[in-house]
1. If you place +1 on the Cβ of every Lys and Arg and -1 on the Cβ of every Asp and Glu, how big does the dipole about the Cα centre of the range 134-199 come out, in debye to the nearest 20?
2. Go ahead and set up a Gaussian network model of the chain, Cα springs under 10 Å, then flag whichever of L132, L25, L42 fluctuates most.
3. Around A169, with a cut-off of 9 angstrom between Cβ atoms, what is the net charge of the other residues, counting Lys and Arg +1 and Asp and Glu -1?
4. When the chain is modelled as a GNM with alpha-carbon springs shorter than 10 Å, which of I172, I31, I52 fluctuates the most?
5. If the elastic network links every pair of Cα atoms under 10 Å, which of G136, G33, G159 fluctuates the most in the Gaussian network model of the chain?
6. Tell me the volume per residue, in Å³, of the convex hull enclosing the alpha carbons of the range 91-200.
7. What does the C-alpha gyration tensor say about the overall shape of the range 34-106? Classify as rounded when a/c is under 1.5, otherwise prolate if a/b is larger than b/c, or oblate.
8. Based on Cα coordinates alone, diagonalise the gyration tensor for the range 1-123, multiply each eigenvalue by 5, take square roots, and list the semi-axes in whole Å, largest first.
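Just so you know, all these numbers are worked out from the coordinates, no wet-lab data involved. All values reported here derive from a predicted model rather than from experimental measurement. Cβ: placed from backbone, ideal geometry, glycine included. Neighbour counts: every protein chain shown.
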Amino acid sequence: MTVFDEALLGSPSWLHTAGGERRELHPDRWIAGADAADEVMLAGCRGPSLDIGCGPGRLTVALAARGVPALGIDISAVAVRLTTRRGGLALRRNVFDPLPAEGRWRNALLADGNVGIGGDPVALLSRVGELLSVDGRAVVEVDPPGGGVRRERARMAEGPWFDWAWVGAESIGTVAAVAGLITQRITEHSGRWFAELEKP
């Protein structure tokens, strides 16, 4: 079991960057049910929704409970197993792999800083644009204003290094535009920041 898998099960965890920064992660939030801040992401989901980097599946499960077709994807087999045990539908996939219903998802969710997946937010959001339907939208959790765009190598404890990125709320509009998406609104709730992006 990897350090990330242990975090998915609730173990306290930190992300260490190559530059020496130590960022606390929030596995307690990952394994809990969807909270009031998560509602910012969930409220507008009226059609098929893709939860990218679903972890233990709190958003996938919350949508399914509302009768919204939802699929979680994650590279961790533990994450997929936890999501399905909670009653959600999930597949072990990288977002850049071929996925079901490409070009037909009405919503794509990137919670908990998952806009950093792969270390290239423009490439990730471009891929999200490929997955969305013509009238689709993405809801992306970003960092508070002031952080800009940062890309670094990171790892959890003594695990392998991987590429990751962080996008501040003030920068998501520029990143989204380069990726071919339009920023419709930015919302803050309980210290968490969310951007809603749409296809032009």
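1. Details: 8 positive and 10 negative charges, 22 e Å.
For the range 134-199, the charge dipole is close to 100 debye.
2. Its mean-square fluctuation being the largest, the pick is L25.
3. Local net charge: -3.
4. I31
5. Looking only at G136, G33, G159, the largest GNM fluctuation is found for G159.
6. About 111 Å³ per residue, rounded to a whole number.
7. Since a/c reaches 1.5 but b/c is at least a/b, the shape of the range 34-106 is classed as oblate.
8. 23, 17, 14
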